[in-house]
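For reference, the structure discussed in these notes is given below.
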Amino acid sequence: MCGIAGIVAPGPAGGAEESRVTGMLETLRHRGPDGFGRETRGRAVLGHARLAIIDLRTGDQPQSDANDRYHVVCNGEIYNYKELRRELESRGHVFRTQSDVEVIPHLYEEMGDRCVDRLRGMFAFALHDVARDRTLLARDRLGKKPLYWARSSGGLAFASEARALAGLDGVDTDLDPEAVDLYLTLQYIPAPWSIHKGIRKLEAATSMAFERDGSVRMHRYWDPLPEPDEGMTEAQALDEIDAVLRESSRIRLRSDVPVSSFLSGGIDSGLVVSYLSEEAPERMSAITVGFGGAPEDEGVLTRSTAVALGVDLEEEHVELDVPSVVNAVVGHMDEPHGDSSCVPTWLVSRAAARRVKVVLSGDGGDEAFAGYATRYSHNLATETLRRWIPGGLRRGLAGGLARIWPRSGRLPRPLRLGNLLDNLSRDLEGAYARDMTVVRPALKARLYGAGLQDALGSFDSTCVLRDAFDRTRGHDPLSRLLYVDRHTYLSEGVIAKVDRMSMAHSLEVRSPLLDQKVVELAARIPSSLKIRGGTGKLCLRKLAARRLPREVVRAKKSGFAPPLAAWIRGPLYPLVRERLAGGALSSLLDLDVARRLLEEHKAGRRDWARPLWLLFVLASWADARCPAGIAT
C-alpha cells in the first residue's frame, strides 16, 4: 500500500521531470511514509512513496525484471504473488526480491497488457517498457486503489491522487462543471471524471496504454455480468461461499507486519473475523470504535462476536469534537466526497493506525449479496406493480398523483406514498436514478448559477447509472440493481471513501468480500437466495448462522452514518453557515438559496441534511483549493 506518481515526457526525461516527480511524491507522503523511490528510464520517471508491508528489506520500488527492460511502480497488494512466482520460476524467470510487486514485470514479459488477468488483489500500477517506449497504467477490478492521469507538457503524468497532478504545468485545474453536477447528484465523482477539467480517473478494471506516438488506448479487462445458476441450491451456495471466503481471507493474511481487523456488530465483519480466527497462525485481534451518543447495542453485539470467536477485542471510545473532526476529514479529501460516513471511517482508521499498519474489513457484502434490503425490496415491489399497470396509466395517473401528494415525515407511514407514486410512474432505471439522487432537479434549478447551467447544457448526471443498466438488459431486476451498485456506488463511493480515509492515516485496508472470486460467485447465485420477504443478504445470513452468535445474525442492520441532521442543526451549524457565506463557489451556485436551506433545516421545517452536507464539503474543498475563486 503506497502512493505512486510519474511523468512520461515527450523526449528524454531529465532533472526537470525528476524534480516534478519528487514534488508529487511529497504530496503523497501520507500514503507512503516509509520512504521514497524514484527511477528514470528513457522518457519515463517513475516514483513511489512506500508503506512497507511485504518484503521490508528488499521490497523498495520501482521494481523491474531481471533484464531491466520492464520497470513498475504499484500501489496495493498482489495477494496471489506466491503462486504466480512459483509458476514464473518454473518457466525460468529469475527474481531478485521477495516483493509481491516483482511478479508484475515478469508477467508482463510473458503476457503483455493481459498480465492484469492473472493479478488477484488491489492495485494501481504503472509499467514502462523501455524497449518499446510505452507505458501501461492499470487499475484493479473493483477500483480499490485510485489512479489519476493527465496530459502534461506534451507527455503524460499519473498519480494516486489528483492533488499530486494539480501543480504540474499545463494541467487544467479549473473545476469541471460535469463533475460538480455528478457530485451533487450522486455524492461522489465517478470515473473517468475528476473534480478538475484536465485530470481524469482511470476506471476500475481498466488498463491504459500510452504509446510511443502519444496515443492512448483503453481496455476494460473484467466485467462479469449476472449469470444466475437457477439450479443452485441453498446448501450449494453456502458451501461455495464458505470455501471462497475462507480462501480470500487466508491470502489477505500475507504480510510481514502484524495484521488486525475491523469488527462491528454486523455479520459481514463478523464473518471475515471468523475466518481469520481460524486461518491466522497466531491469535487475532480486532478493533472497534464507539462514538459518543451511539447506541450501546452495537457494542454489545461486537463484544459477543469477539468472545464467540476467541479474538482479542481492542475497544476505543471517542467523544467527538464534531467541528474539529469534520474539518480534519474534509480537509484531507483529495476531491469532494459527500458520504458522511467518511467521518466514522476516518475515526476508526485513526484508531487502527495507532496499533497496526494492516486491517481487514467487511466491506462489499451489501453490494454483492443484496444487503440494502429496504431499498432493493421497494424497487422489486414497485417493479412488480409496473407489470400489472399499463404504462400509460402508470405514467399519467401515478405521475400526476405524485406531483400533488403531500410530502411530510409527519404523515403516518401508510400515507407516505409520494415516493412510491413517483417511482411507479418511471421505469426501473429512472426510479433507481431518482432514489440515488441527492440534489434533485427542482433544487438544482434554484441552486445552480446561470454560468453553471450554461456550461452543463443538456448533460445528464445520471448517465453513469443508465450506462450500467444498459449492459444488463434482459436480466432480472435484482441482478441489474446489484450490477449497477457494483459499478457505481460501491466502486466510486464506498471503496473510494475507505481508501481516502484509511490512507490519510497510512493504514492499509484489505477486504475479502471484495475479492474477485467472491464477486464472480455472487453473480452466479440466484436472486431468490439473496433477498426474500424483505430480508436481504439471505445466503450470508445463513452462513453467519453457522459461525456467529444468534443475536448477531438476528440483529437489525445498522448503518455507519453519523447523526448528520442533528449535527447540522447543532454543533456544525456555525461552520456550515460560515462556509456557505461566500467564497469560491459564489460564481457557480446561488449561495443565498443554500443559506435558506440551512435556516429551514435548523428550524426543523425540512430535512435538508444531505444536500447541505454536500454543499458544505464542496465549499470547504473549493475554498481551500481555489481561494481566489473559480473560473466560469
Query raised in the report: Can you find a residue in the stretch 160-173 that is among the hydrophobic types (A, V, I, L, M, F, W, C), farther than 30 Å from Asp460 by Cβ and part of a loop (DSSP other than H, G, I, E, B)?
Result: yes
Query - Unique match (being over 21 Å from the mean Cα position of the chain (by Cα) and part of a loop (DSSP other than H, G, I, E, B)) among Asp113, Asp100 - result: Asp100
Report task. Answer with yes or no whether Leu507 is out of contact with any Lys or Arg (no Cβ under 7 Å at 6 or more places or on another chain) and buried (at least 22 other Cβ atoms within 10 Å of the Cβ). Result -> no
Query - Subset of the stretch 283-340 [in a loop (DSSP other than H, G, I, E, B), within 24 Å of the chain's Cα centre (by Cα) and either without any contact (Cβ under 8 Å) to a residue 24 or more places away in the chain or surrounded by 18 or more Cβ atoms within 10 Å (Cβ to Cβ) (or both)] - result: Met333, Asp334, Glu335, Pro336, His337, Gly338, Asp339, Ser340
Query - Odd one out for Ser377 among (1) among the small types (Gly, Ala, Ser); (2) assigned by TED's automatic domain parsing to the domain that holds Lys530; (3) surrounded by 16 or more Cβ atoms within 10 Å (Cβ to Cβ) - result: (2)
Requested in this report: Test Arg500 against the criterion of being within 30 Å of Leu175 (Cα to Cα) and out of contact with any Phe, Trp or Tyr (no Cβ under 8 Å at 6 or more places or on another chain), and give yes or no.
Outcome: yes
**Report entry** Selected residue (only one of Arg163, Arg139 is among the basic types (Lys, Arg) and surrounded by fewer than 22 Cβ atoms within 10 Å (Cβ to Cβ))
**Finding:** Arg163
Query raised in the report: Any chance the stretch 266-273 includes a residue that's among the β-branched types (Val, Ile, Thr) and either over 27 Å from the mean Cα position of the chain (by Cα) or surrounded by fewer than 16 Cβ atoms within 10 Å (Cβ to Cβ) (or both)?
Result: no
Query - Odd one out for Ser502 among (1) buried (at least 22 other Cβ atoms within 10 Å of the Cβ); (2) closer than 30 Å to Ser528 by Cβ; (3) within 12 Å of the chain's Cα centre (by Cα); (4) not charged (D, E, K, R) - result: (2)
Requested in this report: Mind telling me which of the residues Asp140, Asp181 ends up being at pLDDT 95 or above, charged (D, E, K, R), within 21 Å of the chain's Cα centre (by Cα) and closer than 19 Å to Ile78 by Cβ?
Outcome: Asp140
Query raised in the report: Any residue in the stretch 596-618 that is under 16 Å from Tyr183 (Cβ atoms), touching a residue at least 40 places away in the same chain (Cβ under 8 Å) and in contact with a Pro (Cβ under 7 Å, 6 or more places away or on another chain)?
Result: yes
Query raised in the report: Could you give every pair whose Cβ atoms fall below 7 Å, whose first residue belongs to the stretch 454-472 and is aromatic (Phe, Trp, Tyr), and whose second residue is part of a helix (DSSP H, G or I) and modelled with pLDDT under 95, counting only separations of at least 6 or pairs across chains?
Result: Phe469/Glu429
Report task. Exactly one condition in (1) under 23 Å from Asp256 (Cβ atoms); (2) modelled with pLDDT under 95; (3) surrounded by 16 or more Cβ atoms within 10 Å (Cβ to Cβ) is not met by Gly42; state its number. Result -> (1)
Query raised in the report: Does Phe210 fit the bill of being of a type in the set (Phe, Trp, Tyr) and either surrounded by fewer than 18 Cβ atoms within 10 Å (Cβ to Cβ) or more than 29 Å from Leu56 (Cβ to Cβ) (or both)?
Result: yes
Query raised in the report: Can you spot a residue in the stretch 81-96 that is assigned by TED's automatic domain parsing to the domain that holds Gln61, outside any loop (DSSP other than H, G, I, E, B), in contact with a strand residue (DSSP E or B) (Cβ under 6 Å, 6 or more places away or on another chain) and crowded, with 19+ Cβ neighbours inside 10 Å?
Result: no
Query raised in the report: Quick one: would you say Ala205 is out of contact with any helix residue (DSSP H, G or I) (no Cβ under 9 Å at 6 or more places or on another chain) and at pLDDT 95 or above?
Result: no
Query raised in the report: Does Ser215 satisfy the criteria of being surrounded by fewer than 23 Cβ atoms within 10 Å (Cβ to Cβ), in the same structural domain as Arg139 (by TED's automatic domain parsing) and over 29 Å from Ala555 (Cα atoms)?
Result: yes
Query raised in the report: If you check Ser260 against the conditions, is it not assigned by TED's automatic domain parsing to the domain that holds Thr135 and not in a strand (DSSP E or B)?
Result: no
Query raised in the report: Applying the selection to the stretch 527-538, what residues are over 21 Å from Asp363 (Cα atoms) and either in contact with an Asp or Glu (Cβ under 6 Å, 6 or more places away or on another chain) or in a loop (DSSP other than H, G, I, E, B) (or both)?
Result: Gly533, Gly534
Query raised in the report: Does Ala544 qualify as being over 17 Å from Pro228 (Cα atoms), out of contact with any Cys (no Cβ under 7 Å at 6 or more places or on another chain) and surrounded by fewer than 16 Cβ atoms within 10 Å (Cβ to Cβ)?
Result: no
Query raised in the report: Conditions: (1) at pLDDT below 95; (2) assigned to a helix (DSSP H, G or I); (3) in contact with an Asp or Glu (Cβ under 9 Å, 6 or more places away or on another chain). Ala16 meets all but one. Number of the miss?
Result: (3)
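The values are calculated or read from the model by the stated rules, or taken from the named source; none is laboratory data. Quantities reported herein were computed from a predicted structural model and do not represent experimental measurements. Every residue, glycine among them, receives a Cβ derived from its backbone with ideal geometry; neighbour counts consider all protein chains shown.
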